[in-house]
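I have placed the structure first, in the form of structure tokens, so that the comments after it can refer back to it.
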Amino acid sequence: FRFFPSEKFLITFLDVLVFAANAAESRGYLGERRGEGLASRWSRLTVLHAAQPAAWTTVTPIPSGHSWDFNWDKREPSTLSNGRKKESVTEDPSSEQDNSKPKATRHIFLIRHSQYNLSGSSDKDRILTPLGREQADLTGQRLAALGLKYDVLIHSSMARATETAHIISKHLPGVELVSCDLLREGAPIEPVPAVTHWKPDAVYHEDGARIEAAFRRYIHRADPKQKEDSYEIIVCHANVIRYFVCRALQFPPEGWLRMGLHNGSITWLTIRPSGRVGLRTMGDAGFMPPDKLTRT
């Protein structure tokens with residue numbers, strides 16, 4: 001049995017403590033240390049007064065006012081069934097709606113590519129460094145150790161993500177590899193707060209449209225025909241992953257640059273049949289030794 005004092009109890013207890021300290025002080029029970037004057041003794045009492053959590057009773061969190069949009073992926077069953085033409089008058093509406101409801105949970109593992117050659121003049125030259133290959137191997141070991149039945153391994157078509165995916169796949173025999181241009185690195189949306197030291201080569205609305213298209217393709221609830229939970233791996237880039245997380249959690253997407261990701265790290269999203277989204281891990285790299293961690 002553990003005792004967890006309530007806020008009211010703590011406030012009352014501290015009030016009693018301060019009252020006792022004041023009484024003791026007035027009677028000289030606290031005494032003086034050698035060389036300690038009235039100012040020092042008053043300082044000790046000030047600390048006791050400051051410990052009273054007065055702000056707890058006057059300040060409360062203010063809700064943002066933004067409610068969760070269950071139709072964020074445009075796949076909420078009730079909205080899909082509305083307006084459909086019924087084929088027969090005997091059709092059971094409740095049965096139709098039940099058949100359109102997803103029943104499985106999608107688990108999506110977003111993997112950031114490993115460390116690569118930053119001095120490469122083109123994408124084909126920006127291959128993984130020796131350390132980057134070690135990181136990819138460690139990530140593959142970690143994914144295999146989870147003991148999950150992975151359905152597919154999708155990767156960005158850029159060299160560093162492709163190489164990372166192929167190294168990971170060695171630890172996941174039988175998992176299909178799929179390349180996708182939509183997952184290439186880019187600037188999804190102008191970040192807030194703005195940064196002056198980073199200017200993307202592509203215009204935001206160009207990269208942003210492509211990365212948003214990738215989000216809509218891969219981040220959504222399961223199809224109603226899917227009977228079992230699925231586990232999918234997507235190997236791509238930091239900007240893409242951070243944007244995906246903001247969008248999936250319905251956070252302001254312009255906040256994507258406020259997060260950082262290690263190379264080879266694992267971000268795990270779950271999407272429930274109801275449309276609820278959970279973030280199990282964000283940029284997990286704890287399976288790597290400290291000397292293998294990089295963020296290039």
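Counting other beta carbons within 10 Å of each Cβ, put D284, D207, D181 in order, fewest first. List each step's numbers first, then the result.
On the way: D284 18, D207 21, D181 10.
Exposure proxy ranking, most exposed first: D181, D284, D207.
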Open item on the list: Report the Cα centroid-to-centroid distance between the stretch 245-278 and the stretch 192-232 in angstrom, as an integer.
Closed with: 10 Å
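What length, rounded to one decimal in nm, is gained on full extension from D229 through to D69, with 0.36 nm per residue of separation minus their alpha-carbon distance? Could you put the intermediate results ahead of the total?
Numbers: separation 160, 0.36 × 160 = 57.60 nm, distance 2.26 nm.
Extending this stretch completely gives an extra 55.3 nm.
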Open item on the list: Amide H of G264 versus every other amide H placed in the peptide plane: which residues, excluding those fewer than 5 positions away on the same chain, fall under 5 Å?
Closed with: R112, H113, S114
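For T294, what is the net charge nearby, where nearby means another residue's Cβ is under 13 Å from its Cβ and Lys, Arg count +1, Asp, Glu -1? It would help to have the intermediate numbers written out before the result.
Working: positive: R112, R133, R160, K292, R295; negative: E134, D291.
Neighbourhood net charge equals +3.
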Open item on the list: Through the Karplus equation 6.51 cos²θ - 1.76 cosθ + 1.60, θ set to phi - 60°, convert the phi angles of the stretch 168-184 into ³J(HN,Hα) values in whole Hz; use x for Gly and Pro.
Closed with: 4, 5, 4, 8, 10, x, x, 7, 5, 9, 9, 9, 9, 5, 4, 8, 5
Task: Cβ-based exposure ranking for R242, R126, R160, in which fewest neighbours within 10 Å come first - done: R126, R242, R160
Task: Links that overshoot a 27 Å alpha carbon limit, given the list K74/K225; K74/K170; K124/K149; K149/K225; K74/K199 - done: K74/K170; K124/K149; K74/K199
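Extension gain E176-Q141, at 0.36 nm per residue separation less the Cα-Cα distance, in nm?
Working: separation 35, 0.36 × 35 = 12.60 nm, distance 1.72 nm.
My answer for the length gained is 10.9 nm.
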Task: Distant-in-sequence amide H partners of S179 (H built 1.01 Å from N, under 5 Å) - done: H155
- [ ] Obtain the nm distance between the two label points defined at R258 and R272 by a simple spin-label model: each point lies 7 Å from its Cα along the Cα-to-C-beta direction.
- [x] 2.5 nm
Open item on the list: Shape verdict for the stretch 125-245, please, from the Cα gyration tensor: rounded (a/c under 1.5), prolate (a/b greater than b/c) or oblate.
Closed with: oblate
Open item on the list: Suppose R0 equals 22 Å. What FRET efficiency, 1/(1 + (r/R0)^6) with r the Cβ-Cβ distance, do K124 and V195 give to the nearest 0.05?
Closed with: 0.20
Task: Extended-chain gain in nm, criterion 0.36 nm per residue less alpha-carbon gap, I62 and H205 - done: 48.1 nm
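We did not get these values from a lab; they are worked out from the coordinates using the rules stated. All of these numbers come straight from a predicted model, not from anything done at the bench. Note that each Cβ is placed from the backbone with ideal geometry, even for glycine, and that neighbours are counted across all protein chains shown.
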